[in-house]
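Taking it in order: structure first as C-alpha cells, then the write-up.
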Amino acid sequence: MHDLKKASEIFEDRVDRDDYYDAASSELSRTTLLSLLKERKREPIFLLGDPGVGKTKMLHTLKRILVREGDERIVIHLEEPFFDPRTFLRRLAKECGLDPEGSLEELKERIVRHFMENDHLVMIDEAQLMDEASMEFLRILSDTKAFRFLLSMHRMEGEEILKKAHFRSRGHKVVEIGRLDGTEVGEYLVSTLSREGLDEVAAMLDKRTVRRIHRYSEGNFRNVKRMAQVLFELMEYARNNGMKRFRKPNACLLEMAAIDLGLIDA
C-alpha cells in the first residue's frame, strides 16, 4: 500500500529540514555567494528572491557548507531582523565572546575593533522588515569596512531599499535566487520521494501532473512543496474513505490543492 501519509509529511515546510534542492538558479546563487564570502573586501551582500523561493534554506545551507569546509569564522545568523541597535550589538558581542555591557558607543567601538581583526559573517534573514533607523545603523557599521553582512530580502522590497541612500552610493553585491522550471519541479519531487523509499508514490507523478504542479506553484519552491503536501493529504483521505476516483493524482485533486492553498480562486 502506498505510504501517502509519509509522502505528505516529507513535504512539510520546515526550516530545520534539510530538503535543499540544488536547482540551476540555486546552484548559481550558492556558488556566487560562496565566492563573494571568500573575497578579502567586506562589502554587504544582498540575497534577493520572491517569498518562498528558498532564501532561508540558502542561508542554512551556506552555514553548513562553511562548517564542512573548515571555515573558522564565526557565523552569526539572525533569523529575524533587529530593530534595536543595542540588542543587536549585544547579540554580536555574546556570539564573539565579548563583554556585552556598556553604552551603545562603547559596545560599538569594542565590536568594530574585534570585527576589524576577525573576519566573521553576519547573516540577517527577512532584512526587508527593518525600519529606516535600523537600516541606517547597519549602513554605519558597514561603512567601517569591518563587517561582512549577508542580508536576505524579498526581491521587490530589496530592490527598493537598494535604491535608497543607505546603499545606493556604496559598494555592495546582489545575488538573486530564481524559480524552478518544470523539469526541476519533477526532479525535486521524484528524488525527494525516492530518497525516502517512496518509489511507488514517485511513479504516480507523471509528466502531466508535474506540469500542473509547476503551473499552479509558478515554480516557487515553497509552493511546490505545499502543493505536494496537500495533494498527498487529499489522496490519503480518498483512500481511507473509499473514494477510488481520487486514489491517483488527477486534474481535480490538483485544482483542489491549489484552491486550498490560495494559489488560484475557487
Inside segment 197-214, can you point out the residues that are free of Cβ contacts under 8 Å to residues at least 40 places away in the same chain and surrounded by 17 or more Cβ atoms within 10 Å (Cβ to Cβ)? ALA202, VAL210, HIS214
Go through segment 81-123 residue by residue and tally those that are among the aromatic types (Phe, Trp, Tyr) and more than 24 Å from VAL67 (Cα to Cα). 2
Go through (1) aliphatic (A, V, I, L, M); (2) closer than 30 Å to ILE65 by Cβ; (3) at pLDDT below 95 and name the single condition ALA133 misses. (2)
Restricting attention to segment 25-64, which residues are at positive phi and out of contact with any Lys or Arg (no Cβ under 7 Å at 6 or more places or on another chain)? GLY54
For MET58, state whether it is in contact with a Ser or Thr (Cβ under 9 Å, 6 or more places away or on another chain) and at pLDDT below 95. yes
Here the residues within segment 131-161 that are over 17 Å from VAL174 (Cβ atoms) and either free of Cβ contacts under 8 Å to residues at least 12 places away in the same chain or among the aliphatic types (A, V, I, L, M) (or both) are GLU132, ALA133, ILE140, LEU141, ALA146
Tell me the helices (runs of 4 or more DSSP H) entirely within segment 141-230 that contain at least 1 residues that are farther than 24 Å from MET130 by Cβ. 182-195, 199-202, 207-217
Do we have VAL201 as hydrophobic (A, V, I, L, M, F, W, C) and under 21 Å from VAL53 (Cα atoms) here? no
Condition check for ILE124: closer than 28 Å to ASN220 by Cα and surrounded by 18 or more Cβ atoms within 10 Å (Cβ to Cβ): yes
With respect to THR192, is the statement that it is at pLDDT below 95, out of contact with any Asp or Glu (no Cβ under 6 Å at 6 or more places or on another chain) and not assigned by TED's automatic domain parsing to the domain that holds GLU126 true? yes
Looking at VAL122, VAL112, which is the one that is hydrophobic (A, V, I, L, M, F, W, C) and either modelled with pLDDT under 95 or in contact with a Lys or Arg (Cβ under 8 Å, 6 or more places away or on another chain) (or both)? VAL122
Only one of VAL201, VAL185 is out of contact with any Leu (no Cβ under 9 Å at 6 or more places or on another chain), of a type in the set (A, V, I, L, M) and over 30 Å from ILE161 (Cβ atoms); which? VAL185
Among SER194, SER217, the single one that is crowded, with 16+ Cβ neighbours inside 10 Å and among the hydroxyl-bearing types (Ser, Thr, Tyr) is SER217
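Yes/no per residue for (1) at pLDDT below 95; (2) over 20 Å from the mean Cα position of the chain (by Cα); (3) under 29 Å from GLY49 (Cα atoms):
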{"residue": "ARG208", "(1), (2), (3)": "no, yes, yes"}
{"residue": "TYR216", "(1), (2), (3)": "no, yes, yes"}
{"residue": "ARG222", "(1), (2), (3)": "yes, no, yes"}
{"residue": "ALA238", "(1), (2), (3)": "yes, yes, no"}
{"residue": "GLY242", "(1), (2), (3)": "yes, yes, no"}
{"residue": "ARG245", "(1), (2), (3)": "yes, yes, no"}
{"residue": "LYS248", "(1), (2), (3)": "yes, yes, no"}
Just to be sure, is ARG73 farther than 13 Å from LEU150 by Cα, modelled with pLDDT of 95 or more and either surrounded by fewer than 13 Cβ atoms within 10 Å (Cβ to Cβ) or touching an Asp or Glu at 6+ places or on another chain (Cβ under 9 Å) (or both)? no
Test: residue in segment 34-44 that is under 13 Å from the mean Cα position of the chain (by Cα), crowded, with 18+ Cβ neighbours inside 10 Å and touching a residue at least 40 places away in the same chain (Cβ under 8 Å): no
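The values are calculated or read from the model by the stated rules, or taken from the named source; none is laboratory data. Here the structure is a predicted model, which is why all the values come from computation and not from measurement. Don't worry about glycine lacking a Cβ; one is built from the backbone with ideal geometry, like all the others, and counts go over all protein chains shown.
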